[in-house]
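K.L.:
This is the structure, below, for whatever I ask next.
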2 protein chains.
Amino acid sequence: VTPRSPAPERAFSVRTPSQATSVVVGAGTLGRLEALLAEVAPRATRTLFVVDAGVALPGVHQRWAGEWRLEPERTIVVAAGEAAKTREVHAAVEDAILAHGLFRDDVVVAVGGGAVLDVAGYAAATVRRGVAWVAVPTSVVGQVDACVGGKTAVNHARGKNLLGAFHPPALALVDVTTLRTLPSRDRVAGVAEIYKTGRVGDPELLGRLANRAATDDDPWWVEVVAAALKVKARLVERDEHDVGERRLLNYGHTLGHALETALGPQAVRHGEGVAIGMGVAAEVARGRGWVDREFVETQDADLVRLGLPTRVPLEPPAPRLLAIVQEDKKRRAGGLLTLVLPRDRATLAVLEDVTPSELEAAIAVRRERRVHR
Amino acid sequence: VTPRSPAPERAFSVRTPSQATSVVVGAGTLGRLEALLAEVAPRATRTLFVVDAGVALPGVHQRWAGEWRLEPERTIVVAAGEAAKTREVHAAVEDAILAHGLFRDDVVVAVGGGAVLDVAGYAAATVRRGVAWVAVPTSVVGQVDACVGGKTAVNHARGKNLLGAFHPPALALVDVTTLRTLPSRDRVAGVAEIYKTGRVGDPELLGRLANRAATDDDPWWVEVVAAALKVKARLVERDEHDVGERRLLNYGHTLGHALETALGPQAVRHGEGVAIGMGVAAEVARGRGWVDREFVETQDADLVRLGLPTRVPLEPPAPRLLAIVQEDKKRRAGGLLTLVLPRDRATLAVLEDVTPSELEAAIAVRRERRVHR
């Protein structure tokens, strides 16, 4: 029996010059995978599933073999999390796509967290210069971020996401029931991306988030995930290649990435880094007089209510964080940094003239206090 | 002193949804490289040259260091020919682009034959999801084919060009004087691609080719190379991703690729394979009654006058060639093959219903005769 969706479903498209992505967000939508594949890839005769080892889909393999009539032998499993985002895994997925005889109108289905979407989407991009693919994200970050926009990538010794391609999936199939099995910390962390997206382009979404992060309420998840994806879709449609306003989605990410790089994913989840980074960005903006103390405190209070951290950990020291930030960006005259800052209470802007000392001062203000540990 | 162009120069653009390529064809145009880089990549602060080891540009390194004021240490050399089209060389070029600190608005300049353009363009495609690049082709095939259209690729154990991306260069800078140093066999072979392009979309070009392949006449080369590139540009603009009429450019390529794969580039140059493949395709069309014997004989006579082979070598046997052809194509019901055929005297068409036995019969008719060896 195909599971029925007890929650309202949201469906829309993201159209860029290069590709259209159908987005379906609901509860129980995974049961419609086969039918949706037939819609988005009508000429496909072969499917390869790329699944991350940590994927939290109880019984999913049995269901592929059974009701969905998808061949279980057409599945490869890759490491969960960032460990999958390597050249070696990318090459292994490419090899598997070719070994299974897929052509450009066949389809790769990536199932799991944002990392497996990134690497499987990248392999789909490079085999035959682009095989169709479908994103089935099972983490909050995967559902509200990685599955739309076409950014695929693996990491390089010189930094995160340095190798990759723009290759939007034909379908992003979001089933919020997959979030139930996530550890609470991961669900909470993922909500930081939703909050950030609200700040970028949907003030109402901020209200809906209040105090609800750890819920199992499917209709609530469908609403907030779909709202966040719509904000992202709008920006991606106007700026697919991330040279203009799409960069607003990096709010909180510059310092967040540096913390992730310095401390690793066990110490700092991606969303936790983003939450801390939003606080630092807000503090830089306060230093410029663009927002007042109340803005910063309100954002802090929102994030604390959602269960997110807002203070910069005591380690590493600021020079190390600044070095990581600068390594990832094009050198500008005077070492100026690019940062997304609140321009006023309601608007974010991409600033290309942030000085290292402004960022360092903001980090100092936002440090955890030892007494609170 | 910047070299002056004694021949008329041709300049035009190729515009697709994803990118615009400026094309400049002339004699002595390499002397304008620095100025053209400033036009097409105005924000670039760093340049990396990827040069193939066989590149036939006497004195070019000295000129980079001297009059062009390009830093010679910003050059990496890769193997000449197909040996460069591997995952390993692709990764090495990616590493070099990152080690030299290039960002998306910096520029990779690929100098050499079609192979180095393919691998360097592919590395430019995948670093930071797309660094700008410039194609400086120095072979006939590179000048009339690889430098426009954005197809970049490396080979895989399962076949040619199976890993790659669509990533058009910002500039294709063609200097026909680089062709003078090519071995005569390579120049002649490359003209097969020009002839093919005339068949696809420029009957006048066929007339201009008559009996002139091995010349050193720069104005003639500028004219025929620019004419061929314009035909290709028109098709690429209408069908960037090669799912429709761009495929007409594969006239002669299906059997040509199979011969290259079976016998290697020493025995069969790419252009020679294409010449032989056009003969086989014409013969399949004659078998269908679409063209008459005179069409086939005229095409043969044209190719022979250009110094090109028209007969299928005695080895390998047809079943081996058919196996290679089928490996590279999506299996259709009944093993039907996709081939570009003359639909009538003036028109080519992509046919998806060619039977293996039609192709086998045409190969048999077109075999070399032992007595002529």
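The values are calculated or read from the model by the stated rules, or taken from the named source; none is laboratory data. Computed from a predicted structure; not experimentally measured. Positions of Cβ are generated from backbone atoms using ideal geometry, with glycine treated the same way; all protein chains shown enter the neighbour counts. Note: areas computed on protein heavy atoms with side chains; ligands, DNA, RNA excluded. Shrake-Rupley method; radii C 1.70, N 1.55, O 1.52, S 1.80 Å.
K.L.:
Evaluate 2.2 N^0.38 Å with N set to the residue count of the stretch B:136-218, then give the Cα radius of gyration divided by it.
P.N.:
1.21
K.L.:
Residues of chain B: accessible area per residue at 1.4 Å, in Å²?
P.N.:
Numbers: 14290 Å² over 373 residues.
Ligands and nucleic acids excluded, the figure is 38 Å² per residue.
K.L.:
Per 10 Å bin, what percent of the C-alpha pairs of the protein assembly as shown does each bin hold, from zero upward?
P.N.:
3, 14, 22, 22, 18, 12, 7, 2, 0, 0
K.L.:
Using Cα pairs closer than 8 Å and at least 6 residues apart in sequence, work out the relative contact order for chain A, in percent. Don't skip to the answer; put the middle values down first.
P.N.:
Values: 741 pairs, mean separation 52.0, N = 373.
Computed value for chain A: 14 percent relative contact order.
K.L.:
What percentages make up the Cα-Cα pair-distance distribution of the stretch B:144-272 when the bins are 10 Å wide from 0?
P.N.:
With a bin width of 10 Å, the distribution comes to 12, 40, 39, 9, 0.
K.L.:
Working with all protein chains in place, sort A:H90, B:H156 by solvent-accessible area computed with a 1.4 Å probe, largest first.
P.N.:
B:H156, A:H90
K.L.:
Also, I was wondering about something else. Averaged over all directions, how much area does the convex hull of the C-alpha atoms of the stretch B:221-293 cover when projected, in nm²? Don't jump to the answer; show the numbers that get you there.
P.N.:
On the way: hull surface 26.7 nm².
Averaging across all directions leaves 6.7 nm² for the Cα convex hull.
K.L.:
Here is a further query. Please report, to one decimal in angstroms, the Kirkwood hydrodynamic radius of the stretch B:154-196 built from all distinct Cα-Cα pairs.
P.N.:
Details: mean 1/r = 0.0746 Å⁻¹.
Result for the stretch B:154-196, one decimal place: 13.4 Å.
K.L.:
How much accessible surface does B:R185 have with a 1.4 Å probe, in Å² rounded to 10?
P.N.:
Spelled out: B:R185, probe radius 1.4 Å, area about 90 Å².
K.L.:
How much accessible area is lost when chains A and B come together, counting both sides, with a 1.4 Å probe, in Å² rounded to the nearest 100? Each step should come with its number before you reach the end.
P.N.:
On the way: alone 15840 and 15840 Å², together 28590 Å².
So the buried area, both faces added, is about 3100 Å².
K.L.:
How about B:K230: which aspartates and glutamates have a C-alpha closer than 12 Å to its C-alpha, ignoring those fewer than 8 places off in the same chain?
P.N.:
Excluding near neighbours in sequence, the set is B:D145, B:D202.
K.L.:
What is the sum of charges, Lys and Arg at +1 and Asp and Glu at -1, for the other residues whose Cβ falls under 13 Å from the Cβ of A:E237? All intermediate terms of the calculation are to be shown ahead of the outcome.
P.N.:
Details: positive: A:R15, A:K230, A:K232, A:R234, A:R238, A:R246; negative: A:D239, A:E240, A:D242, A:E245.
With Lys, Arg at +1 and Asp, Glu at -1, the neighbours total +2.
K.L.:
Could I ask something else about it? Between B:L206 and B:R343, what FRET efficiency follows from the Cβ-Cβ distance if R0 is 22 Å, with the result rounded to 0.05? Could the numbers behind the result be given before it?
P.N.:
Values: r = 17 Å, r/R0 = 0.77.
Once the sixth-power term is evaluated, E becomes 0.85.
K.L.:
Another one. Over the protein assembly as shown, what is the percentage of antiparallel beta bridges among all DSSP beta bridges, to the nearest 5? Working shown, then result.
P.N.:
On the way: 34 of 80 bridges.
So the antiparallel bridges in the protein assembly as shown amount to around 45 percent.
K.L.:
Hey, another quick one. Quick one: the Cα spread of chain A along its three principal axes, in angstroms, biggest first?
P.N.:
Over chain A, Cα extents along the principal axes are 58, 42, 38 Å.
K.L.:
A:D353 label points, 7 Å along Cα→Cβ, one per copy: pairwise distances from this copy to the rest in nm, shortest first?
P.N.:
6.7
K.L.:
Using just the Cα positions, wrap the stretch B:109-165 in a convex hull and report its mean projected area in square nanometres, one decimal place. The partial results should precede the final answer.
P.N.:
Details: hull surface 14.6 nm².
About 3.6 nm², averaged over all directions.
K.L.:
Oh, and also: At 7 Å along Cα-to-Cβ for each site, give me the label-to-label distance between B:D353 and A:A38 in nm.
P.N.:
Each label point is offset 7 Å from its Cα along the Cβ direction, giving 2.6 nm.
K.L.:
Name the residues of the stretch A:123-167 whose accessible area falls by at least 40 Å² when all protein chains are present instead of the chain alone, probe 1.4 Å?
P.N.:
Output list: A:T126, A:R128, A:R129, A:R158, A:L162, A:L163, A:G164, A:F166.
K.L.:
Next up: Given the protein chains as shown and a 1.4 Å probe, how many square angstrom of A:L48 are accessible, to the nearest 10?
P.N.:
0
K.L.:
Moving to a separate point now. Counting only Cα, what are the radius of gyration and maximum Cα-Cα distance Dmax of the stretch B:200-325, in Å?
P.N.:
Here Rg and the maximum Cα pair distance are 15.5, 44 Å.
K.L.:
A further question on this structure: What does the helix-only formula give at 222 nm for chain A: each DSSP H stretch with n ≥ 4 adding -39500 (n - 2.57), the total divided by the residues, and the result rounded to the nearest 500 deg cm²/dmol? Kindly include the intermediate steps, with their values, before the conclusion.
P.N.:
On the way: 12 runs with 148 residues, N = 373.
Taking each H run of at least 4 residues, the total per residue is -12500 deg cm²/dmol.
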